[in-house]
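The values are calculated or read from the model by the stated rules, or taken from the named source; none is laboratory data. Keep in mind that this is a model prediction, so the values were computed, not measured. Heads up, the Cβs are rebuilt from the backbone with ideal geometry, glycines too, and the neighbour counts pull from every protein chain shown. Keep in mind that these areas ignore ligands, DNA and RNA; they rest on the heavy atoms of the full protein, side chains included. Shrake-Rupley method; radii C 1.70, N 1.55, O 1.52, S 1.80 Å.
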Protein chains: 4
Amino acid sequence: MSDDPTVAALQQRLSAFAAARSWQPFHTPKNLAAALSVEAGELLEIFQWLTPEQAGAVMDDPQTAHRVRDEVADVLAYLLQFCTVLGVDPLVELAAKIDRNEVRFPVE
Amino acid sequence: MSDDPTVAALQQRLSAFAAARSWQPFHTPKNLAAALSVEAGELLEIFQWLTPEQAGAVMDDPQTAHRVRDEVADVLAYLLQFCTVLGVDPLVELAAKIDRNEVRFPVE
Amino acid sequence: MSDDPTVAALQQRLSAFAAARSWQPFHTPKNLAAALSVEAGELLEIFQWLTPEQAGAVMDDPQTAHRVRDEVADVLAYLLQFCTVLGVDPLVELAAKIDRNEVRFPVE
Amino acid sequence: MSDDPTVAALQQRLSAFAAARSWQPFHTPKNLAAALSVEAGELLEIFQWLTPEQAGAVMDDPQTAHRVRDEVADVLAYLLQFCTVLGVDPLVELAAKIDRNEVRFPVE
């Protein structure tokens, strides 16, 4: 995974993309939170009528697999843009949340 | 940002966390997509009654800022677990999506 | 409004529609709750990039107005089917909720 | 069901409730669409980790049944307020949508 783009690099690409198209006025925190929720709904839509078994096999069909990957990208895009606009570091926040959850849900 | 946890490391921590608590049977793709959508809704809830101006100042209040960070962590946690279960690399997918969008929305 | 179809009549039409197409196995409470959430996201999508002013004028454009009406119908359809499957009377529940809220949020 | 409150009567109660508390400025179409989506997420949350079997038995537990009824009321409340603000008749729209779907999905 060492050649993966980093989250910071993706955030910079997304910011440059929006700036080049003068889309920043639309990218308010409220609008980006709404867009994130809308895209999460589009990802859920793929699964809404599937049995658990069908849902588990969703990547076997190339067209559905493409749709899943595309919606994952959209969700991540809006999450990262939301974080950029508000100055939140999503990786640090998730690490801190896992730390808290290890205390909250101890393993016997 | 060089000391940030990586996405791959967070995915491993989340997998270990779920395995230690025997939560994997619940972490089907369909359930994780539903949970992602639910958490995105909880993030949006913070903003639902705010004017654009109030929404832009949401990090000035420590309690609201904590809530925003906590919901960002939850959204990212379910997105990463969804990707782990289905073998999707979210960073690669987002980079590919930005590539496609650069063709789809050319800058004059 | 006296010639409006009633909620009970619409629930019966929706049940007959699903039965005639053998769709009932898909109409589990969990799937219908997911579909309701997905359709609410599609309604929100219409508004996600609009200013409050633009959002208020959304019915002035015939195409957007049609889209709003169509998504309202979809949200109501899944809400009513969910209620039918679980034996919940949505009108009675809303009246009871308003009663509770009148106590919870007293007018000075 | 003849003693059920009507949708029109509930819309009037909701409008009077909001007016008495000076909440109308918050009840823009965009905010109400966001709130509807948030509440639909809260309804889905009840089901997110349940198997189809557990989800089907959700009304057997009095506490969960109350939560389901409460979230149904919230979803309907925001849907009706959204419709009031934009002048959409949800019952007429759903009847029209079923008409269209009968053409779109013919029974053999």
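Peptides A:39-50, B:88-99, ordered by how many other C-beta atoms sit within 10 Å of their residues on average, highest first, read A:39-50, B:88-99. Computed log10 I(q)/I(0) for region D:24-104 at 0.11, 0.17, 0.20, 0.25 Å⁻¹: -0.42, -0.84, -0.95, -1.05, from the Debye equation with unit scatterers placed on every C-alpha and solvent omitted.
Accessible surface buried by the B/A pair amounts to about 5400 Å², both sides summed, 1.4 Å probe. The residues packed around A:Pro90, meaning those with a beta-carbon under 12 Å from its beta-carbon, carry a net charge of -4 if Lys and Arg are +1 and Asp and Glu are -1. From the label point of C:Ser15, set 7 Å along Cα to the beta carbon, how far off in nm is each other copy's matching point, shortest first? Here the equivalent label points are 3.2, 4.7, 5.7 nm apart from this one. Where in chain D are the helices, taken as whole DSSP H runs, whose Cα atoms extend 24 angstrom or more along the long axis and whose Kyte-Doolittle mean reaches at least -1.0? Sorted by number, the helices that extend far enough and score high enough are D:29-47, D:62-86.
What separates the B:Val107 label point from its copies, with the point 7 Å along Cα to Cβ, is 4.8, 5.5, 5.7 nm, written shortest first. Largest first, the residues A:Arg21, B:Arg104 sort by 1.4 Å accessible area into B:Arg104, A:Arg21.
Where chain C is rotated onto chain D, the residue of C whose Cβ comes nearest the axis, and that gap in whole Å, is C:Ala40, 2. Here the Gaussian network model covers chain A, with springs between Cα atoms less than 10 Å apart; of A:Gln24, A:Gln63, A:Gln11, A:Gln63 fluctuates the most.
Every Cα-Cα pair of the protein assembly as shown was included, and the share exceeding 34 Å stands at 32 percent. Taking every protein chain into account, the 1.4 Å probe leaves D:Ser22 with about 80 Å² of accessible area, to the nearest ten.
In the complete set of protein chains, residue-level accessible area for C:Tyr78 is approximately 40 Å², probe 1.4 angstrom. Using a probe radius of 1.4 angstrom, the carbon and sulfur fraction of the accessible surface of chain B is 54%. With label points defined 7 Å past Cα in the direction of Cβ, position C:Gln63 shows copy-to-copy spacings of 2.5, 4.6, 5.1 nm, given to one decimal and shortest first. Per residue, how much accessible area does the protein assembly as shown have with a 1.4 Å probe, in Å²? Here the per-residue accessible area is 45 Å². What whole-number distance in Å separates the alpha-carbon centres of region D:39-53 and region A:1-68? Cα centroid to Cα centroid, the span is 22 Å. For the residues of C:57-66, the average number of beta carbons from a partner chain within 10 Å of their own beta carbon is 1.
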